[in-house]
Structure formats: C-alpha cells, structure tokens
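The structure under discussion appears below in the form of structure tokens.
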Amino acid sequence: MSERNALALILPRVEKPGRYVGGEWNEIRKNPARVRTKVALAFPDVYEIGMSYLGQKILYALLNKDRDLLAERVFAPWPDFERELRSAGIPLTSLENGIPLREFDIIGFSLLYELNYSNALTILDLGGIPLLSADRAEADPLVIAGGPAAFNPEPVADIFDLVFLGDGEEGFPEIVRAAADMRRRRVPRRTILRELARIDGVYVPSLYHPEAVEGSPLVVPRPDGDAPAVVRKRLLRDFARSFFPEKIVVPSLRVVFDRVAIEAARGCPQNCRFCQASSLYFPHRPKDPAFIHKTVLRSLRQTGYEDASLSALSIGDHPHLEETVRCLMNELSREKISLSLSSLRPGKLSRDLVENILKVRKTGFTLVPEAGTERLRAVINKKLDGREIRDALTFAFEGGWKLVKLYFMVGLPTETEEDLAGIVDLVRGSLELGRTILGSYPRIHVSLSSFIPKPHTPFQWVGMDDEALLVDKQAYVRSELRRHKSVEFKAHAVPTSVLEAVFSRGDRRLGRVLLEAWKRGARFDGWDDKLDTAAWKDAFAVEGVDFRDYLNPLPREAALPWDHLDSGLRKSHLARELDLALSGEPSPSCLERACGECGGCDTRAWKKPPRPVKIGPLPGPAAPAGEPGDETLRYRAVYSKRGKARYLSHIDLIHVVQRSFRRAGIEVRKTEGFHPKMDLSYGPALPLGMEALREVLEFRSARRLEEAEFLARVNKSLPPGIRFSSFERVDAGSPSLYNAMERLVYSLDWKSEAVGPAWNAKALKLALDRFKDSTAGAAAVEFRVSGRRLFLELPPTTSRGLRAQDVVQAVFGIEDPMFLIRRDDIVFKSAGPEIDRTSCNRGAA
C-alpha cells in the first residue's frame with residue numbers, strides 16, 4: 001500500500017486532518033522524476049503556524065523557480081497524528097507529492113523558537129532520518145537549520161549537519177545548488193560539509209569541538225583544522241527590490257495570519273536592548289514603496305484574500321509609509337479589502353494614516369509599552385513616554401476603538417515594585433481615559449510575559465529572575481487588575497519561559513538533555529498545555545546538567561557559546577549598551593545618529609537618503625463576470641465536496657468559496673457594519689470528513705450572471721475537491737434557502753469492509769427494522785437500498801436532532817462513521833426551484 005493510501009486510513013482518527021493533505025490554491029506540485037534535487041522545507045510546529053511564516057513562503061517560491069529543483073513543505077504532526085503514524089508504520093511525508101522525508105536530498109528547518117527543538121526531532125524520526133548528524137550515512141539527506149534560533153545553535157549542534165546564519169534568500173539557494181552538485185558527483189558527506197563551510201554564513205558544527213574555557217560557566221565551541229574561527233551572517237543588502245512571492249499558497253484551513261502579508265522592511269533601527277530580532281535582522285532596510293504597492297495588489301488578485309498587512313519589526317520607521325498606505329487604500333477600499341500594520345509605534349501615528357486604514361474596517365489597536373514606568377523603559381531603550389501612550393490611546397478611543405491590547409514584561413533588569421505598580425496604573429489610566437471619551441469603559445486585553453536574556457543583545461550577560469519570583473510578579477499584576485471586569489489578563493506560562501531561557505543561552509551539553517526529554521515524550525514545548533515539566537526535570541537529572549547554570553548572570557569577560565557567530569553587532573557595543581542600561585540612560589536609534597558616532601557594527605554606509613516616492617498605477621483586475629443589472633439579483637449554485645475537500649470544516653469551506661469567488665471575479669453583495677463580508681447562504685453544514693455530491697449555496701449580486709460563465713470562472717479558481725455543477729437565478733420572493741429545503745439524502749456503501757464483513761441483505765433489513773422500533777425520532781428517517789448503496793433521507797432538522805451519522809452508528813455499530821457517509825442531495829419543496837431527486841443515484845458505484 002502506498003503512503004498516500006495508508007494515510008487516508010488514519011486521517012479519520014485525528015484532529016484537523018486537513019493539516020496533512022495539501023492541495024491548497026497556488027500549491028506548487030512538480031513531477032519528482034523530472035527534477036535533479038528535492039528539498040523539504042520543514043517547519044517544526046503545526047500547519048496553522050508554519051503557513052503564517054513569511055520566510056517559508058519566500059524560500060518555497062524562490063527554490064521552485066528553478067526547474068531542476070523541487071521544494072515541498074512538511075510540518076510537525078500533532079501528537080494524535082504522530083501516534084497514528086507510528087502505529088501504522090507510515091513515514092512522515094511532504095504535503096505536495098507525499099514524498100517520504102528520507103527520499104529528499106536536503107531537509108531545511110526554520111528554527112524560529114527554541115522550544116520547537118523537540119518537534120524537529122519528531123519530524124526527523126518519523127521521516128526515517130537518524131537524529132544525530134554523526135549517525136547519518138552517505139545516502140541520508142543533509143539536515144540544515146536557519147532562522148533566529150540558529151544564532152545560538154549549540155544545544156542542537158549534534159543534530160544539524162549545518163546551520164545557516166542570515167537572510168535565507170541570499171544564501172540558502174547557493175547551499176542547495178552546491179550540495180546537490182557534490183551529491184551528484186558522489187563526493188563523500190564529510191567533504192561536502194567541509195566545502196559548504198566555505199560559503200559565507202554557513203556554520204558546520206561537526207567541524208568544531210566543545211571546550212571548557214577558564215572563566216566561563218558554559219562550554220564553548222572551538223574550530224578544528226581550517227574551520228572558520230568566526231562565521232558572519234549573510235546579509236541581503238539590496239533588500240529594497242529583492243524577491244518576494246506574489247502567488248503565495250492559500251491555506252484551505254484558517255491559519256494564524258490568514259492574509260496577504262508583505263515584508264515592508266527588514267530589521268529595526270530602534271535598538272531596544274531586550275530585542276534579539278533587531279540584532280539578528282540588523283540593519284534596517286525598507287522595501288521600495290512601488291514594489292510594496294505592486295506586490296500587495298497582484299498578490300490579492302492571485303489569492304482572493306480579503307485582508308492585507310504590511311509587516312516589519314517597526315513599520316512606522318518606513319520612510320514612505322503614509323504615501324504607500326494612501327496609494328494602497330485608494331484601491332483596496334473600493335474592493336472592501338482591509339489593510340493592517342504591524343508594530344506601529346505611537347509616535348508614528350498620524351490622523352491621515354489612521355483614517356486611511358479605517359476606510360474598510362477597524363483592524364485592532366495594540367500598544368507595547370513593555371514596562372510600567374518611564375524609568376524602566378529608559379533602561380530597556382524603549383522610546384515611549386507617558387504622553388505618547390496617552391495620545392495614542394486618545395487617538396484610538398476618539399476613532400471608535402473599544403478594544404485595546406497592551407503588552408508588558410516582568411523581570412526586566414533593575415525592575416522594582418514601583419515598576420510593577422506602574423503597569424497597574426497604566427492599565428487603570430487607560431480605562432479611565434476610555435470611559436471619559438467613550439462614555440463607558442473600553443475593553444483592555446493585558447498580556448504579560450517574562451523577560452528572557454537573549455544572545456546577541458546587550459542583556460545577554462544578565463540573569464533571569466527566579467521562577468517563583470516571576471510567578472509572584474504575575475500574580476500581583478493579575479490580582480490588582482482582577483477587580484476591573486473590562487480587563488482581560490493573560491500571562492505567558494513561567495515554566496515555558498524558563499525552558500526557553502535555558503536553551504536560548506545553552507551550550508552543547510543541552511543536546512543530551514533534549515534527546516532524553518524527547519524520548520520521555522516532550523513535544524510542542526512552547527504550547528502551555530503540552531509542556532511536560534516532569535519529562536524535562538527527569539532529563540536534566542539523568543544527564544547531570546543543572547538548568548540554573550544557564551539562568552545566572554554571565555561574566556562579561558567570559559567566552560560565550562555563540563561568540564563565533566557574528567550577527568554584525570560588536571560585542572564591545574553590546575557591553576556599552578548594557579552599561580547605559582544599568583545607568584538608566586537611553587541611546588539614540590540608528591536613524592538619529594551617524595554610523596561613525598556608534599561604531600557598533602560592520603555594515604557601514606547602509607543608510608541611504610529616501611528616494612522620491614514614485615508609485616505608479618497598475619493595470620486593473622480583469623473585468624468581473626456578467627453585466628451590470630438594474631437591481632440586486634438572487635442566485636443559487638450547486639457544488640460537490642469530495643476528495644481532499646472532505647477534510648475542510650464548514651467555516652473553512654466558507655473561506656475557500658469566498659476567495660475562489662474573488663479570484664473568479666464574481667461580485668457578491670457585502671454585509672453591512674465594521675467587517676463587511678460576502679453575503680452568502682449555505683445549506684446545512686456538512687460534518688468534517690463527509691463527502692457531498694450536491695451541496696447548495698445562495699448569494700445576491702448586482703450583476704446579471706449566466707450559468708456558463710459562472711461555472712467556467714469559478715471552477716478554474718477552486719482548489720481540488722470542490723466543483724460547481726449548476727447555477728440558476730432564483731426569484732427574489734422565493735422562500736429562503738433554509739425554508740425551501742425538504743429532505744437531505746445520504747448514502748453509504750453497506751457492503752464495504754469498513755462497514756463490516758458480516759452484512760447481507762437479510763441482516764441489513766433486520767438491523768433497519770430494529771432501529772425503527774427502538775430509536776426515538778426514527779419515523780422521520782426513510783431508507784432505500786440500491787445495489788451496494790443504502791440511502792437515508794432525513795428532514796433538514798429532526799425533532800430529536802437525529803443526524804445521518806447517528807443513524808449509521810446505531811444500525812451498524814460503527815463508532816465514527818463520518819468518512820463512510822456521503823451526502824448525495826438536498827431535496828427542495830415542490831413550491832421552490834427543484835433539484836432532480838434521481839441525482840442521489842449518480843456516481844453511486
């Protein structure tokens with residue numbers, strides 16, 4: 001049995017099976033037999049998070065531009081799916097072609113977060129790939145890591161064959177081509193790694209040995225032979241017009257950031273001292289505004305998304321932000337497409353900017369003060385004073401926002417009780433300000449996390465607060481805010497933060513701990529409800545490693561496990577910033593001083609004066625279907641939902657259909673209010689896993705649409721498994737879709753092995769009679785047998801709430817029959833537009 005067929009047998013038994021089947025719009029599926037190199041892009045978390053990550057979108061499109069390369073996606077399986085794979089002996093495969101991981105040439109992991117390490121082990125193990133680099137044979141794939149967590153890879157140094165530092169689109173394709181060429185020439189694996197270590201940004205851990213160094217509490221890697229003493233990150237200098245995909249994969253499931261997201265800038269000039277991202281993605285490089293404008297509009301047309309966002313660590317520092325937003329919203333507002341901005345600092349808000357964003361809908365208002373007092377914000381170099389916070393909140397409440405999100409940290413260096421009280425005071429002040437302006441208390445969502453000292457930041461030397469102290473600090477803020485009913489408080493779990501801190505500043509000794517914890521069941525450690533603290537506690541004890549060694553302050557003169565990995569900021573510069581922090585002094589941002597004044601980096605002359613904005617018009621989208629009508633018209637369409645589409649929930653189906661209509665140019669009347677959406681009506685929701693031959697939906701449009709054009713346009717714009725078969729205009733005065741329905745027709749193959757081996761016509765009749773005699777509400781169910789198929793007809797709603805799956809479970813004793821049942825038809829009352837009842841026999845074999 002093929003992996004694909006075997007997979008189909010276990011999917012009915014797992015939560016959210018749609019995570020594992022692929023088949024999304026814009027998915028790139030190549031013939032594996034026609035490429036020379038196969039690359040798996042592995043994301044060590046669930047599909048919903050991985051599909052929101054811009055880095056994977058960029059590499060997926062960039063690598064697949066090469067006709068000789070195939071790049072496919074793989075995500076960490078949720079524990080229930082992992083159990084099923086192991087039980088059935090099925091290897092983990094890629095989404096696109098279902099290729100087992102061991103058959104790829106290269107596995108490239110995106111390490112965004114230290115607590116994803118255990119998931120990386122799960123992916124390798126289920127893929128049939130040895131967990132340790134030293135154990136891999138010549139035919140095994142090369143296992144590569146990149147991303148923010150790769151800037152201290154020592155805890156996972158024994159797992160990855162090589163680590164890439166820096167901008168992936170700059171170096172990863174070069175690594176893939178060089179490795180593929182040497183593998184084709186059958187160059188020994190060890191030699192391949194030595195050659196790849198010559199590429200800028202490549203760190204090969206096996207070419208270094210860990211060493212205990214005097215004065216350092218941590219073990220430090222030292223190079224062997226001619227391995228580079230320092231590995232410098234790869235930097236994409238011409239970022240302004242660098243590649244960014246327009247034709248991105250559109251997930252069929254709802255994901256965390258389900259929209260067109262464009263990276264408007266890379267890096268951040270603000271230099272907050274706790275922020276690792278500003279160091280790793282340094283320097284700040286804005287995207288060309290014309291490029292942003294073109295990419296957003298083209299991507300929206302090719303995806304059907306109804307939302308777009310401009311993403312950056314500090315979007316407000318883009319030199320042409322207001323003009324870019326204005327030009328975008330001039331076009332997006334006509335199509336009721338919203339635009340949101342990430343990480344907009346209060347000082348960068350202007351009335352024109354906010355009014356443009358609000359042309360379609362309010363997209364949420366977030367402030368990130370981080371600390372409760374201006375003193376502590378000066379320590380962390382967060383350039384945000386009380387006046388700016390109050391002005392931003394006033395702006396939000398006057399603009400009609402009734403929900404504001406505030407983000408803080410506890411455990412910051414030099415923090416005092418007054419700083420914690422400052423958080424409470426700031427939230428209370430926000431409530432009172434909102435009440436004054438709105439007339440009632442606004443809703444305030446407060447998020448509280450624990451400070452974690454990160455490598456390559458000025459705070460890399462400081463210690464982390466004791467776990468018990470952090471718990472007490474969170475409890476104080478929670479108790480003080482509990483009396484306010486309009487405040488929703490959420491704190492990040494302290495044990496999770498502690499484990500992250502340990503691995504953030506870890507060394508190679510932690511590799512043994514990670515393996516032991518994984519063997520004891522550690523999975524998805526970044527998820528509060530999945531962190532197995534007992535497994536980790538036992539793993540540290542078994543390996544004789546004290547996790548507190550990684551939480552204590554580190555001597556400034558000590559060698560550190562990540563010193564040989566150059567982020568671009570000098571260690572002496574970080575030390576100077578720490579001195580300023582401890583003195584409570586802020587320092588200017590990169591935009592406020594000349595490079596010569598700072599001398600903190602090796603990327604001089606990267607700052608260029610902004611060029612004049614030249615955002616030209618783009619050709620408009622294709623003309624919508626149909627001709628303008630004199631009135632709003634009502635339409636009814638029939639479609640099927642089969643194959644991979646059966647794994648879509650009803651809410652996911654709604655989004656798939658809406659995006660398909662947008663791509664097809666089908667104009668649908670929008671709902672009213674702050675969040676306008678397509679106004680569509682659907683038949684009864686189909687249970688997850690059940691196929692359907694004839695589902696129905698209705699919508700209204702101001703355009704005269706014909707069946708042939710509608711079917712041609714929509715069916716070209718749908719992912720596999722959904723297909724429209726008929727389309728008609730409905731009289732505006734006809735009963736609603738729900739009131740027009742009379743019966744729902746279901747069927748199943750009662751002779752299939754999945755139903756059971758002992759069934760014959762006599763046994764089936766006895767079972768049906770027994771069901772009718774013993775089940776409340778059974779009189780509403782009609783049965784009919786035609787060959788191998790048993791048909792069930794039920795009213796749209798029964799008095800007892802009896803469903804088709806309940807009937808099948810009662811008759812056949814099948815625990816979870818959803819994947820065996822098919823909905824064949826929706827029968828309408830004779831007074832309404834009728835669908836041929838004989839359709840239930842179509843495709844019955």
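The values are calculated or read from the model by the stated rules, or taken from the named source; none is laboratory data. Just so it is clear, the structure is predicted and the values come from calculations on it, not from any experiment. For neighbour counting, all protein chains shown are included, and Cβ atoms are generated from backbone atoms with ideal geometry for every residue, glycine included. Surface areas here come from the heavy atoms of the whole protein model, side chains and all, with no ligands, DNA or RNA. Shrake-Rupley method; radii C 1.70, N 1.55, O 1.52, S 1.80 Å.
Worth a mention:
- When the criteria are applied in full, Leu142 fails the requirement of being open to solvent by less than 10 Å² (accessible area, probe 1.4 Å) and over 19 Å from Ala197 (Cα atoms).
- If the condition is being in a helix (DSSP H, G or I) and surrounded by fewer than 18 Cβ atoms within 10 Å (Cβ to Cβ), then the stretch 7-22 contributes Ala8, Leu9, Arg13.
- Residues satisfying the stated conditions in the stretch 211-232, i.e. modelled with pLDDT of 95 or more and not in a strand (DSSP E or B): Leu218, Asp224, Ala227, Pro228, Ala229, Val230
- Scanning the stretch 775-827 for residues that are among the small types (Gly, Ala, Ser), in a helix (DSSP H, G or I) and surrounded by fewer than 20 Cβ atoms within 10 Å (Cβ to Cβ) turns up Ala778, Ala779, Ala780, Ala810.
- Identity of the residue in the stretch 169-181, in contact with a helix residue (DSSP H, G or I) (Cβ under 8 Å, 6 or more places away or on another chain) and open to solvent by 20 Å² or more (accessible area, probe 1.4 Å), that ends up modelled with the lowest pLDDT: Glu169
- For the stretch 758-774, the criterion of being exposed (fewer than 15 other Cβ atoms within 10 Å of the Cβ) and either within 16 Å of Pro684 (Cβ to Cβ) or touching a residue at least 60 places away in the same chain (Cβ under 8 Å) (or both) is met by no residue.
- A single entry from Phe244, Phe257 fulfils the requirement of being touching a helix residue (DSSP H, G or I) at 6+ places or on another chain (Cβ under 6 Å) and either assigned to a loop (DSSP other than H, G, I, E, B) or modelled with pLDDT under 95 (or both): Phe244.
- Exclusive hit being over 23 Å from Leu688 (Cα atoms) and in contact with an Asp or Glu (Cβ under 9 Å, 6 or more places away or on another chain), set Leu62, Leu101: Leu62
Quick grid of which residues meet (1) assigned to a loop (DSSP other than H, G, I, E, B); (2) at positive phi:
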{"site": "Gly128", "(1), (2)": "yes, yes"}
{"site": "Leu131", "(1), (2)": "yes, no"}
{"site": "Pro155", "(1), (2)": "no, no"}
{"site": "Ile159", "(1), (2)": "yes, no"}
{"site": "Glu170", "(1), (2)": "no, no"}
{"site": "Pro173", "(1), (2)": "no, no"}
{"site": "Arg194", "(1), (2)": "no, no"}
{"site": "Asp200", "(1), (2)": "yes, no"}
{"site": "His209", "(1), (2)": "no, no"}
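- Residue list for the stretch 504-559, restricted to those being buried (at least 19 other Cβ atoms within 10 Å of the Cβ), in contact with an Asp or Glu (Cβ under 7 Å, 6 or more places away or on another chain) and within 17 Å of Leu131 (Cβ to Cβ): Arg508, Gly511, Val513, Glu516, Ala522, Ala539
- Tyr441 being open to solvent by 30 Å² or more (accessible area, probe 1.4 Å), closer than 25 Å to Gly316 by Cα and at pLDDT 95 or above: no
- Residues (among the hydrophobic types (A, V, I, L, M, F, W, C) and under 27 Å from Pro153 (Cβ atoms)) located in the stretch 225-254: Ala227, Ala229, Val230, Val231, Leu235, Leu236, Phe239, Phe243, Phe244
- Residues being modelled with pLDDT of 90 or more and open to solvent by 40 Å² or more (accessible area, probe 1.4 Å) - total across the stretch 389-401: 2
- Residues being modelled with pLDDT of 90 or more and within 17 Å of Arg428 (Cα to Cα) - total across the stretch 358-388: 12
Quick grid of which residues meet (1) of a type in the set (A, V, I, L, M); (2) farther than 30 Å from Ala575 by Cα:
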position: Ala264; (1), (2): yes, yes
position: Cys275; (1), (2): no, no
position: Leu280; (1), (2): yes, no
position: Pro286; (1), (2): no, no
position: Ile292; (1), (2): yes, yes
position: Ser299; (1), (2): no, yes
position: Glu306; (1), (2): no, yes
position: Ser309; (1), (2): no, yes
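- Per-region count, the stretch 472-492, residues outside any strand (DSSP E or B) and open to solvent by less than 40 Å² (accessible area, probe 1.4 Å): 5
- Unique match (being open to solvent by less than 10 Å² (accessible area, probe 1.4 Å), in contact with an Asp or Glu (Cβ under 9 Å, 6 or more places away or on another chain) and among the aromatic types (Phe, Trp, Tyr)) among Tyr117, Tyr113: Tyr117
- Counting the residues of the stretch 394-428 that are among the aliphatic types (A, V, I, L, M) and assigned to a strand (DSSP E or B) gives 5.
- Candidates Arg29, Arg102, Arg67, Arg83: the one that is basic (Lys, Arg), touching a residue at least 60 places away in the same chain (Cβ under 8 Å) and either open to solvent by 20 Å² or more (accessible area, probe 1.4 Å) or more than 27 Å from Gly526 (Cα to Cα) (or both) is Arg29.
- Cβ pairs under 8 Å, 6+ apart, first in the stretch 468-483 and farther than 16 Å from Leu426 by Cβ and among the β-branched types (Val, Ile, Thr), second open to solvent by less than 70 Å² (accessible area, probe 1.4 Å) and in a helix (DSSP H, G or I): Val471/Val494
- Cβ pairs under 7 Å, 6+ apart, first in the stretch 568-582 and within 8 Å of Gly600 (Cβ to Cβ), second of a type in the set (A, V, I, L, M, F, W, C) and buried (at least 19 other Cβ atoms within 10 Å of the Cβ): Leu569/Phe282
- Across the stretch 493-510, the number of residues qualifying as part of a helix (DSSP H, G or I) and among the small types (Gly, Ala, Ser) comes to 3.
- Boolean, Arg266 is surrounded by fewer than 20 Cβ atoms within 10 Å (Cβ to Cβ), of a type in the set (D, E, K, R) and either in contact (Cβ under 8 Å) with a residue 24 or more places away in the chain or within 30 Å of Gly721 (Cβ to Cβ) (or both): no
- Among the residues of the stretch 511-559, those identified as in a loop (DSSP other than H, G, I, E, B), under 18 Å from Pro153 (Cα atoms) and either of a type in the set (Asp, Glu) or out of contact with any helix residue (DSSP H, G or I) (no Cβ under 7 Å at 6 or more places or on another chain) (or both) are Asp525, Ala559.
- Figure legend. Inter-residue proximity from the stretch 597-624: first residues loosely packed, with under 12 Cβ neighbours inside 10 Å and modelled with pLDDT of 75 or more, second residues assigned to a helix (DSSP H, G or I) and not aromatic (Phe, Trp, Tyr), beta-carbon distance below 7 Å, spacing 6+ or different chains. Indicated pairs: Lys614/Ala290; Gly616/Ala290.
Residue by residue, here is whether (1) touching a Gly at 6+ places or on another chain (Cβ under 6 Å); (2) at pLDDT 95 or above; (3) open to solvent by less than 10 Å² (accessible area, probe 1.4 Å); (4) not hydrophobic (A, V, I, L, M, F, W, C) holds:
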{"residue": "Ile654", "(1), (2), (3), (4)": "no, yes, no, no"}
{"residue": "Glu672", "(1), (2), (3), (4)": "no, no, no, yes"}
{"residue": "Leu680", "(1), (2), (3), (4)": "no, yes, no, no"}
{"residue": "Glu706", "(1), (2), (3), (4)": "no, yes, no, yes"}
{"residue": "Phe710", "(1), (2), (3), (4)": "no, yes, yes, no"}
{"residue": "Gly721", "(1), (2), (3), (4)": "yes, yes, no, yes"}
{"residue": "Ser726", "(1), (2), (3), (4)": "no, yes, no, yes"}
{"residue": "Gly733", "(1), (2), (3), (4)": "no, no, no, yes"}
